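A.B. asks: Provided herewith is a single structure, encoded as structure tokens, for subsequent inquiry.
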Amino acid sequence: MALTLQITDAQDGTGGTATIAGSDVGTTNTLYRASFSGVAGPLTWAMVGSRTGDGTITIAQATGYYLWHLTGTVSAATAFAGYFRPLTDLDEQSENEQILDAVVQKIRTLNLEDVDSASVDFKWMPRKVDSSVDPLPQVQVIPINGETFPGTLTGRDDVGYPVMVVLIDSQDKDFKKNKRRNLMWRSLILKAFRFQHLTGPTEAYNCIPEQQTIIDPANFKDGNLFVSFIALRFISRERRGV
């Protein structure tokens, strides 16, 4: 008989249950776990709990992706079993929402010249209303276009979430106004995200910039506005299925 391990996720943020079978009667089984984000590198293992013989171990852990490792004894010899199972909370934010929120927070930390922190925020679509309601300049974070699926692994998939960062300011049909400042906005935002791990959502391990318009001619001509688009696609490694 082989030592077996099964992890059941409670899906409510409280943890889960490890079920052990196949071990010798009266011997100790010890369960360990390591956080796993899909990024290459060493794993840090921590003991979760132990029990004598077959049965269950209650897991009280934060939500996240975990590898599980069990040591025990079968036929008087040391035996091992492994498992991969995330611990989740169905009331938590989706990966997409976590990414959008993390982008907003990161841009706020950049302290872009003349941009108030409150003027960096999520919008469903690019929006410009009366300046007394939404003062300019603004940075709007938009979930525009659709997901892509650039790669698959055994039981996991890479999902590309598109994020459009929209810079909006008055331009007054001035063909030279704020050249240095506005191009610096773009530079700082791109440097903050391109080909980097996103702080916050552990699943988002890379950001791929995509070509977009530096200044939109229609808004410049018809709205007296500087409107600039920065397209970012965040690659998130996620479990397949539920």
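What follows draws every value from the coordinates through simple rules; no lab data is involved. As the structure is a prediction and not an experimental result, all values here were calculated from the model. Virtual Cβ from ideal backbone geometry, glycine too; neighbours counted across all protein chains shown.
A.B. asks: Show me the ranking of peptides 216-223, 160-167 by mean Cβ neighbours inside 10 Å, starting with the highest.
C.D. replies: Listed from highest to lowest mean packing, they are 160-167, 216-223.
A.B. asks: Right, something else. Length gain on complete extension for the stretch Glu210 to Glu147, per 0.36 nm per residue less the alpha carbon to alpha carbon distance?
C.D. replies: Extra length available between Glu210 and Glu147 comes to 21.3 nm.
A.B. asks: Right, something else. Could you work out the relative contact order of the stretch 138-208, using alpha carbon pairs under 8 angstrom and six or more residues apart, expressed as a whole percent?
C.D. replies: Relative CO of the stretch 138-208 lands at 23 percent.
A.B. asks: Here are a few candidate values for Cα extents along the principal axes in Å: [x] 79, 38, 32; [y] 45, 37, 35; [z] 83, 31, 27. Which one was actually calculated from the structure I just gave you?
C.D. replies: [z]
A.B. asks: Let me ask something additional. Rounded to the nearest 10 degrees, what's the angle between the helix 179-193 long axis and the longest principal axis of the chain, both from Cα atoms, 0 to 90?
C.D. replies: 10 degrees
A.B. asks: Which of the pairs Lys128/Lys177; Lys128/Lys176; Lys106/Lys221; Lys106/Lys128 have their Cα atoms more than 24 Å apart in this structure?
C.D. replies: Among Lys128/Lys177; Lys128/Lys176; Lys106/Lys221; Lys106/Lys128, the Cα-Cα distance tops 24 Å for Lys106/Lys221.
A.B. asks: Per DSSP helix of 4 or more residues, -39500 (n - 2.57); summed, then divided by the residues of the chain. What does that give at 222 nm, rounded to the nearest 500?
C.D. replies: -5000 deg cm²/dmol
A.B. asks: Cut-off 12 Å, label point 7 angstrom out along Cα-to-Cβ of Ser50: give me the residues of the stretch 66-92 whose amide nitrogen falls inside.
C.D. replies: So the set is 71-73.
A.B. asks: In nm, what is the difference between 0.36 nm times the number of residues separating Glu113 and Thr17 and their Cα-Cα distance?
C.D. replies: 29.5 nm
A.B. asks: Leaving out same-chain residues fewer than 8 places away, which aspartates and glutamates sit with a Cα under 17 Å from that of Lys191?
C.D. replies: Glu113, Glu210
A.B. asks: On C-alpha positions alone, give me the angle between the axis of helix 95-109 and the longest principal axis of the chain, in degrees, nearest 10.
C.D. replies: 50 degrees
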